[in-house]
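K.L.:
Would you mind keeping the following structure in view while I ask a few things?
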Amino acid sequence: QVQLVESGGGLVRAGGSLRLSCAASGIVSSINAMGWYRQAPGKQRELVAIIRIADTTNYEDSVKGRFTISRDDTKNTVYLQKNSLEPEDTAIYYCTARRGSRNYWGQGTQVTVSS
């Protein structure tokens, strides 16, 4: 089992920045990718960013150039640095980890961007 705990959400004004953190615990060996999804009210959950074991990354188009995903393997933690935030970024952000064929999820952290 893998447990994921997110932190760093909150309320920020448009144009501001936030950094989300996700700490993994449990059986963290063989995690081959970690990432962030988000779900806005009335919308489906969407992939925001992912970072793989080889450090390759992918981003959702609307966040490219504004968000950066990174990880610290010594802390089993993945980060999402979010700059130039927009009201459209308001959502619950979920951390995810893939180990083998199974995906694990955190409980989510709310990010609200005011205009």
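K.L.:
Output the number of the condition that SER21 fails; it satisfies all remaining conditions of (1) crowded, with 16+ Cβ neighbours inside 10 Å; (2) more than 14 Å from TYR93 (Cα to Cα); (3) polar (S, T, N, Q).
P.N.:
The single condition SER21 does not satisfy is (2).
K.L.:
Take the residues in region 81-111 that are touching a helix residue (DSSP H, G or I) at 6+ places or on another chain (Cβ under 9 Å) and part of a strand (DSSP E or B); name whichever of them is nearest to PRO41 (Cα to Cα).
P.N.:
Once the filter is applied, the top-ranked residue is VAL111.
K.L.:
Collect the residues in region 60-70 that are outside any loop (DSSP other than H, G, I, E, B) and surrounded by fewer than 19 Cβ atoms within 10 Å (Cβ to Cβ), keeping them in residue-number order.
P.N.:
ASP61, SER62, THR68, SER70
K.L.:
Considering region 72-87 alone, what residues qualify as being modelled with pLDDT of 95 or more and open to solvent by 70 Å² or more (accessible area, probe 1.4 Å)?
P.N.:
If the condition is that a residue be modelled with pLDDT of 95 or more and open to solvent by 70 Å² or more (accessible area, probe 1.4 Å), then GLU86 is the only one that fits.
K.L.:
Continuing with the same structure: Quick one: in region 26-50, which of the residues that are assigned to a strand (DSSP E or B) and not aliphatic (A, V, I, L, M) is farthest from the chain's Cα centre (by Cα)?
P.N.:
Among those residues, the one meeting the criterion is GLY26.
K.L.:
Scan region 24-46 residue by residue and report those that are open to solvent by less than 50 Å² (accessible area, probe 1.4 Å) and hydrophobic (A, V, I, L, M, F, W, C).
P.N.:
Selection gives ALA24, VAL28, ILE31, ALA33, MET34, TRP36, ALA40.
The values are calculated or read from the model by the stated rules, or taken from the named source; none is laboratory data. These numbers were taken from a predicted model, which means no experiment stands behind them. Don't worry about glycine lacking a Cβ; one is built from the backbone with ideal geometry, like all the others, and counts go over all protein chains shown. Heavy atoms of the whole protein, side chains included, go into the accessibility calculation; ligands, DNA and RNA do not. Shrake-Rupley method; radii C 1.70, N 1.55, O 1.52, S 1.80 Å.
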